[in-house]
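The values are calculated or read from the model by the stated rules, or taken from the named source; none is laboratory data. In this text, all values refer to a predicted model and were calculated from it rather than measured experimentally. For neighbour counting, all protein chains shown are included, and Cβ atoms are generated from backbone atoms with ideal geometry for every residue, glycine included. Surface accessibility is based on the protein's heavy atoms, side chains included, excluding ligands, DNA and RNA. Shrake-Rupley method; radii C 1.70, N 1.55, O 1.52, S 1.80 Å.
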Amino acid sequence: MKNIKTLGELAKIIRSKNAGPFAITFDIMFATEKDYNLVVKSNILTVERFSNLFNIPPEDIQFYLVKNAYAIKISMPRPYFQGDLEDGDNYAGQQYPPLIGIEIPGT
Amino acid sequence: MEVRVIAPNGTIGAGYKEKSLERGIALKPHVIACDGGSTDSGPSYLGSGTPKSSRQAVKRDLRYMFLGREELGVPLIIGSCGTSGADVGVDWVRDICLEIAAEENLHFKLAVIKSDQNKEYLKKKLKEGRIKPLTPAPEISESIIDKASRIVGVMGYEQIDRALSEGAEVILAGRATDTALFAAIPLRMGADPGPTWHMAKTIECGAACAVVPAADGMYAVIKDNEFTIEPLDLESRVTPLTVASHMLYENSSPFLLREPGGWLDTTNSQYKAIDDRSVSVSGSVFRKAETYTIKLEAAELIGYQSIIIGGIRDPYIIRRLDELIPFLQGYFKLKVRKLFEGKVKKKDYKLHFRIYGRDGVMGPYEPLKDNVGHEVGILITVTAKTQQLASDIAKFVAWMSAHVPIPEWQGIISSIAYPFSPPEIERGAVYRFSLNHVVEPDNPLEMFRFNYEEV
């Protein structure tokens, strides 16, 4: 049986954070160029994937490949503005877990 | 020409190592700068004007910076004083500084730059169409401006530069971009803006980009078209990867950083290891904006809050949560009206249920909200126009929510496990961020107030 790795196993860090009070940003960083290229070339982490995972329109998502940091960065609006009554994550720090289990083919 | 800069810490009051700052002073920087605030901790600090750090922690961190400045005779620049950078926060830090000066017998020219905004000025700018929304932005109107508890403008380097031109040796700035504190002196000395702003962005969080990240200081040197950076702690290091990664932190774009007068663009930046603990960066550019803009930050009081914390273990209740919560919302709407004899209307309070173990953390972004476990946490929030009303409603809600009938059981049960007696807790005033907009001022200085004094 082929042993496919998850994004959580391949990345050295996956985090989410406020980018100001109105946006969330996700940083997915790799220790090596090889792991970074593997994930980028797998074409698994895309705007469409984020749109489906978080149920938000693709036009609200900014997607960046940051080669010199071996990082993939995604920014999008917060579900609620920081500190609003309905907001459950003041620092937007616990919004990344749905990314951990994403399987990366070719690993 | 080279310009040397130190950041004793990423923020004042986090407690850096004395030995690190000692080394920083020995490196003879042209400026000591440190950031004292952020919006990152939430709207309460701006709304209430209270600082996040304790007075003792801020005084301790500031004292060694003042002593270092005294030894070198270089400017000390502190920004976003008192967490929010509101006028009350600047006054709070000024008071601490005067106390240190008296205790240590220090004398200097002090500049205080205040950034609270005049509401009439902002309403005039709104009418002129010179307040523009950022993305995403809440609604703006004259009444939104009026309702704000406090509005600050975020200054850039131009305002700090003005205070330096007036001979200020210590600058206490209201709300400011973190970067401007570090960029002001290099830009005055004629350093290249590209590496200057990129240096400023890298150094402003202190040793956050060090291996291992720490609440400690950093040292940077700008020379020609590049800058070098290293942690002040000799046992700590940075690598090209950690420095490049830092552009990603708390910023939407990994390549662009907005300042009032333009953008730092790091798309073509090159990161190179100099040795095993320092890095040089070249290729960064600063692009001037066509229009000079000042970002606004505003916090609005939304009421006073009482909260109730509990847990639910009964699987019959857990599987019915999706119907029980709307049922309770409707039930309390009628009951509160009756109980308060029509004096409390629906708009006078808000009742909110958060279910941990379902979607309490991610809300609408939660992909696993149907995957509920054997136990859930419940957080009930009552927000009302007075604390008394919030608590009065919370007492009733806590009581009645714990006795919701469900068809599976015949007779009365206790449906929520409360860990506390009484179950309701008063939380005080709550605020929300109410603006994400920029103003186009006639000139960079008109939105800020300057005061100078000999200490």
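Treating only the Cβ of Lys, Arg, Asp and Glu as charged (+1, +1, -1, -1), what charge dipole size does chain B show about its Cα centre? Round to the nearest 20 debye.
Computed about the Cα centre, the dipole is about 1760 debye.
Could you give me the radius of gyration and the Dmax of the stretch B:301-434, taking only the C-alpha atoms into account and expressing both in angstrom?
Gyration radius and largest Cα-Cα distance of the stretch B:301-434: 15.1, 48 Å.
Can you sort A:LYS41, B:LYS119 by 1.4 Å-probe accessible area, starting with the largest?
Of A:LYS41, B:LYS119, the descending order of accessible area is A:LYS41, B:LYS119.
To the nearest 10 square angstrom, what accessible area does B:MET1 show with a 1.4 Å probe?
120 Å²
Counting alpha carbon pairs within less than 8 Å and at least 6 residues apart, what relative contact order, in whole percent, applies to the stretch B:301-434?
45 percent
May I ask for the percentage of alpha-carbon pairs in the stretch B:224-296 that lie more than 20 Å from each other?
Here the tail beyond 20 Å accounts for 39 percent of pairs.
Once every DSSP H run of n ≥ 4 in chain A is given -39500 (n - 2.57) and the sum is divided by its residues, what mean residue ellipticity at 222 nm do you get, rounded to the nearest 500 deg cm²/dmol?
About -6000 deg cm²/dmol.
Helix-only estimate, please: 222 nm mean residue ellipticity of chain B, summing -39500 (n - 2.57) across DSSP H runs of length 4 or more and dividing by its residues, to the nearest 500.
So the calculated ellipticity at 222 nm is -9500 deg cm²/dmol.
Under a point spin-label approximation (7 Å from Cα along Cα-to-Cβ), what is the A:GLU86-B:HIS352 distance to one decimal in nm?
0.9 nm
Subtracting the Cα-Cα distance from 0.36 nm times the residue separation, let me have the gained length for B:LEU67 to B:GLU290 in nm, one decimal.
76.2 nm
Dividing the alpha-carbon radius of gyration of chain B by 2.2 N^0.38 Å (N being the number of residues), what value is obtained?
1.14
Round to the nearest 0.05 the FRET efficiency obtained for B:HIS374 and B:THR50 when R0 = 51 Å and r is the Cβ-Cβ distance.
0.80
Rounded to the nearest Å, what's the spacing between the alpha carbon centres of the stretch B:414-455 and the stretch B:240-312? Just the number, please.
Spelled out, the Cα-based centre of one part sits 21 Å from the other.
Using all Cα-Cα distances in the stretch A:15-81, what percent lands in each 5 angstrom bin from 0 up to the longest?
Bins of 5 Å from zero give 4, 17, 27, 24, 16, 9, 3, 0 percent of pairs.
Have a look at B:PHE396, B:THR386, B:LEU351 and report the one farthest towards the positive end of the charge dipole of the stretch B:301-434, computed about the Cα centre with Cβ charges (Lys/Arg +1, Asp/Glu -1).
So the residue furthest toward the plus end is B:THR386.
Going by Cα centres, the stretch A:60-107 and the stretch B:1-71 are how many Å apart?
So the separation of the two Cα centres works out to 30 Å.
Report B:ARG130's accessible area, 1.4 Å probe, all protein chains in place, as a number in Å² to the nearest 10.
B:ARG130 has an accessible surface of roughly 60 Å² with all protein chains in place.
When the convex hull of the C-alpha atoms of the protein assembly as shown is computed, what volume per residue in Å³ does it have?
175 Å³
May I ask you to derive the relative contact order of the stretch A:15-81, considering only C-alpha pairs under 8 Å and at least 6 residues apart, and to give it as an integer percent?
RCO, the stretch A:15-81: 40 percent.
Which one, B:PHE340, B:GLY82, B:ILE222, is farthest towards the positive end of the dipole of the protein assembly as shown when Lys and Arg carry +1 and Asp and Glu -1 on their Cβ?
Positive-end residue among those listed: B:PHE340.
Counting only protein heavy atoms and rolling a 1.4 Å probe, how much accessible area do A and B lose on contact, total for both sides, in Å² to 100?
The summed interface area works out to 3500 Å².
How big is the charge dipole of the protein assembly as shown about its Cα centre, in debye rounded to the nearest 20, if each Lys and Arg gets +1 on its Cβ and each Asp and Glu gets -1 on its Cβ?
Charge dipole of the protein assembly as shown: 1360 debye, to the nearest 20.
If one takes the longest principal axis of the Cα atoms in chain B, at what angle in degrees, from 0 to 90 and to the nearest 10, does the Cα axis of helix B:55-72 lie?
That works out to roughly 10 degrees.
Could you give the length gained on full extension between B:LYS109 and B:TYR331, defined as 0.36 nm per residue of separation minus the Cα-Cα distance, in nm?
Roughly 73.6 nm would be gained on extension.
Starting from the residue with the highest accessible area, list B:TRP92, B:TRP263, B:TRP399 in decreasing order, probe 1.4 Å.
From most accessible down to least: B:TRP399, B:TRP263, B:TRP92.
Give me the one-decimal nm value for the distance between modelled label points at A:ILE56 and B:LYS345, 7 Å along each residue's Cα-to-Cβ direction.
3.5 nm
Could you please state, rounded to a whole Å, how far the C-alpha centre of the stretch B:144-216 is from the C-alpha centre of the stretch A:5-54?
30 Å
Full-extension gain between B:LYS124 and B:ASP224, please, as 0.36 nm times their residue separation minus the C-alpha to C-alpha distance.
Difference between extended and current length: 31.7 nm.
How long are the semi-axes of the ellipsoid equivalent to the stretch B:51-125, from square roots of 5 times the Cα gyration tensor eigenvalues, in whole Å, largest first?
Working from the Cα gyration tensor, I get semi-axes of 27, 14, 10 Å.
Could you work out the relative contact order of chain B, using alpha carbon pairs under 8 angstrom and six or more residues apart, expressed as a whole percent?
Relative contact order, chain B: 20 percent.
Using a 1.4 angstrom probe and counting only protein chains, how large is the accessible area of B:CYS34 in Å², to 10?
In the full protein context, B:CYS34 sits at about 0 Å².
With heavy atoms of protein chains only and a 1.4 Å probe, what residues of the stretch A:81-107 have at least 10 Å² less accessible area in the full set of chains than alone?
A:PHE81, A:GLN82, A:GLY83, A:ASP84, A:LEU85, A:GLU86, A:GLY88, A:ASN90, A:TYR91, A:GLN94, A:GLN95, A:PRO98
Please compare each pair in A:LYS17/B:LYS369; B:LYS125/B:LYS345; B:LYS201/B:LYS369; B:LYS52/B:LYS147 to a cut-off of 27 Å on the Cα-Cα distance and tell me which ones are over it.
Cα-Cα > 27 Å for B:LYS125/B:LYS345; B:LYS201/B:LYS369; rest within.
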